[in-house]
Amino acid sequence: MRVKVICVGSHQHGDDAAAHLVADLLAGEENIELVRVKAPTEILDKLSGDEELVIIVDAMEKVSSPGRVHRFTSAGSFSAKDPWRSTHNLTLREVLKILESINQLPKDILIYGIEGRSFKYMDTVSEDVAKACRLVADEIRKIAGRVP
Amino acid sequence: MTEKSREYKVDYLARVEGEGALYVKVRDGEVVDVKFKIFESPRLFEAFLLGRMYYEVPDITARICGICPIAYMMSSTHAIEQILGVSVEGPLRQLRRLIYCGEWIESHMLHAFLLHLPDFLGYDDAMQMAKYHHDLVKKALRVKKIGNDLVALIGGREVHPINVCVGGFYKTPTRDKLSNMKDELKQGKELTKELIMWLSKLDFPDFEQDYEFVSLKHPNEYPMNEGRIVSNKGLDIAVNQFEEYIIEEQVPHSTALHTYIKGRGSYMVGPLARVNLNRNMLHDESKELLKQVGFPEQCNNPFMSIIARVAETLYAFEESLSIIDVYTEPDRPRVEVVAREGRGCACTEAPRGILYHRYDLSPEGTVISAKIIPPTAQNQKRIEDDLRTIAPSIIKLPHSKAVWRFEQAIRNYDPCISCATHFLRLQVDEE
């Protein structure tokens, strides 16, 4: 079984590129199928419904401290109040709920939210966030190593 | 807010692409001010282009939008080819139409079924709608995916494709690869017919306006990449006359420029305008289905744009299949070009309407000026006019319903605020 890891974000807006950094760190890993998307809406086309484990990595607005990693195990486990707002089409929560409604979301799903510091245009990923990305990549590597 | 005043606010309009707001002021029961505000930061792409080589322009402008990158690539390549004295014909020209079909399919399905349809069914969002209409959503997503697959097949990837260049493509697909998509395209076509039939049963608000519809018009085909700019009120100009007739103005409440037709006023671009002005150029099945669902010969109800959008999706499937049927692999993936000085402009039909690009190149082929006028910027003034007209009936509704109906009226236009450089906050004050 391969783990599908979907990394969401933009390279052009500072810490929004966190998930892409995670993808860079996981490139070439066995058992991992990497999918990079710019916006949550693109995920609608990326799941067929027959995946066993899907991991989604996305940057989040700052809540407490940049680089803090949040883990969710279902689309319903983060509320509309979580700072995962997207003004662009559909939010991650909306996309996951839609996929859940049409039975295209796997039973096992893990969502990593990495709190960012700055999402300014043309900023690079901040050090706190880069450190968190290495932690997330390590965790995903371990999870992928455990799957049969 | 006094007794005589009311305030409606939507700080961030949902289900649009980009960031904007709406402000409506009502005094003694009269609507005195309506502003469709766009506050997304200016993107400054026209400035980024200065000093870049002509061949970098399509890839840079494609970055303006993740939903309609092909439109940016097509308008920029055609404008630059005009300067370089190049005309792209034959299978390369057809491939350009084919990749545009892919973009129309994915963009139209996203807007119609996930962003706009919840308004008609009384749901706050697509999440709620999907719970009760999961087969419908599944079909729409299936159709959307076929559009994405088509873009990826020709463009190298579905978002911000990388295979389009001045003169044609970096690499062209084999006949086999395109033929392999035919079954999927046929399936998409049939699903789209079902979806149009379903949409035709919706309850559309009774709202009509005397619009000036503007689109490209081509003598032999439904417009995508070429044609004259025409309207239902007598506008008939070449693309290089665009700036003589279409005037841009700055307004304090928007980071996107408003446009209007000189001496006339606001106008509408997009699927409804295209269908109204080019219905005879649709393929047979699209024409027949529009007739079957009773779509008016000239439709002046912006809420029915959802049907026009999906009818164009059906057209895009028919057109894709007919292009693939006769496709022969071109000898070369692109026409050779040589840099030269000059000015060129082009308009192509983005999913949301005409997208104008104009460039000046130096003798070495670097960009010395660039101008981009996206469809949402062109529709902004018209959106405000719609809101102003519809507001007196809307403000009689309970607050939450009023806000919802205002938003729906804006979503009729599928605004891409990021493209216009520009999202939505709704605020209605009454004094």
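At 4 °C and 1.567 mPa s, what whole-number value in µm²/s does Stokes-Einstein give for the translational diffusion of chain B, with Rh from the Kirkwood sum over Cα pairs?
Diffusion coefficient, whole number: 59 µm²/s.
What does the charge dipole of the protein assembly as shown about its Cα centre add up to, to the nearest 20 debye, if the Cβ of each Lys and Arg holds +1 and the Cβ of each Asp and Glu holds -1?
400 debye
Can you run the Rg to Rh ratio on region B:323-399? Use alpha carbon positions and the Kirkwood inverse-distance Rh.
Checking Rg against Rh, the ratio lands at 1.26.
Based on the Cβ-Cβ distance from residue A:27 to residue B:322, what FRET efficiency comes out when R0 is 56 Å, to the nearest 0.05?
My answer for the efficiency is 0.85.
What are the ³J(HN,Hα) values, in whole Hz, obtained from phi via the Karplus relation 6.51 cos²θ - 1.76 cosθ + 1.60 with θ = phi - 60°, for each residue of region B:282-291 in sequence order, with x given for Gly and Pro?
5, 6, 4, 5, 5, 4, 4, 5, 4, 5
Whole number please: convex hull volume per residue of the Cα set in region B:231-305, in Å³?
Each residue corresponds to 127 Å³ of Cα convex hull volume.
Given charges of +1 on the Cβ of Lys and Arg and -1 on the Cβ of Asp and Glu, with all other atoms neutral, how large is the dipole of chain B about its Cα centre, in debye to the nearest 20?
Using Cβ point charges on Lys, Arg, Asp and Glu, chain B gives about 360 debye.
Could you compute the FRET efficiency for residue B:45 and residue A:62, with r as their C-beta to C-beta distance and R0 at 35 Å, rounded to 0.05?
In this case the efficiency is close to 0.80.
Can you tell me which lysines have their Cα less than 20 Å from the Cα of residue B:25? Leave out same-chain residues fewer than eight positions away.
Result set, ordered by chain and number: B:4, B:9, B:35, B:37, B:381, B:396, B:401.
How far is it, in nm, from the label point at residue A:131 to the one at residue B:237 when both lie 7 Å from their Cα along the line to the Cβ?
Computed distance between label sites residue A:131 and residue B:237 equals 5.8 nm.
What do you get for Rg/Rh of the protein assembly as shown when both radii come from the Cα atoms and Rh is the Kirkwood radius?
Values: Rg = 23.4 Å, Rh = 24.5 Å.
Rg/Rh: 0.96.
If I model a spin label at residue B:331 and residue B:174 as a point 7 Å from the Cα along the Cα→Cβ vector, what separation in nanometres do I get?
Roughly 2.2 nm, to one decimal.
Pick out, from A:27, A:7, A:111, the residue whose Cα sits farthest towards the positive end of the charge dipole of chain A, with +1 on the Cβ of Lys and Arg and -1 on the Cβ of Asp and Glu.
The residue sitting farthest along the positive end of the dipole is A:111.
If you place +1 on the Cβ of every Lys and Arg, -1 on the Cβ of every Asp and Glu, and leave all else neutral, what size is the dipole of region B:178-230 about its Cα centre, to the nearest 20 Debye?
For region B:178-230, the charge dipole is close to 340 debye.
Beyond 28 Å, what percent of the Cα pairs of region A:1-144 remain?
Taking all Cα-Cα pairs of region A:1-144, the fraction more than 28 Å apart is 10 percent.
Lysines within cross-link reach of residue A:107: Cα-Cα under 21 Å, excluding same-chain residues under 8 positions apart?
A:4, A:46, A:97, A:142, B:131, B:138
Could you calculate the contour length gain from residue B:364 to residue B:121, that is, 0.36 nm times the residue separation minus the distance between their Cα atoms, to one decimal place in nm?
Result: 81.9 nm gained on full extension.
Report, please, the projected area of region B:276-426 averaged over directions, based on the convex hull of its C-alpha atoms, in nm².
Over all viewing directions, region B:276-426 projects a mean Cα-hull area of 13.0 nm².
Each reported figure results from applying straightforward, stated rules to the coordinates on display, with no laboratory input. These figures come from a predicted structure and were not determined experimentally. Note that we place each Cβ from the backbone using ideal geometry, even for glycine, and neighbour counts take in every protein chain shown.
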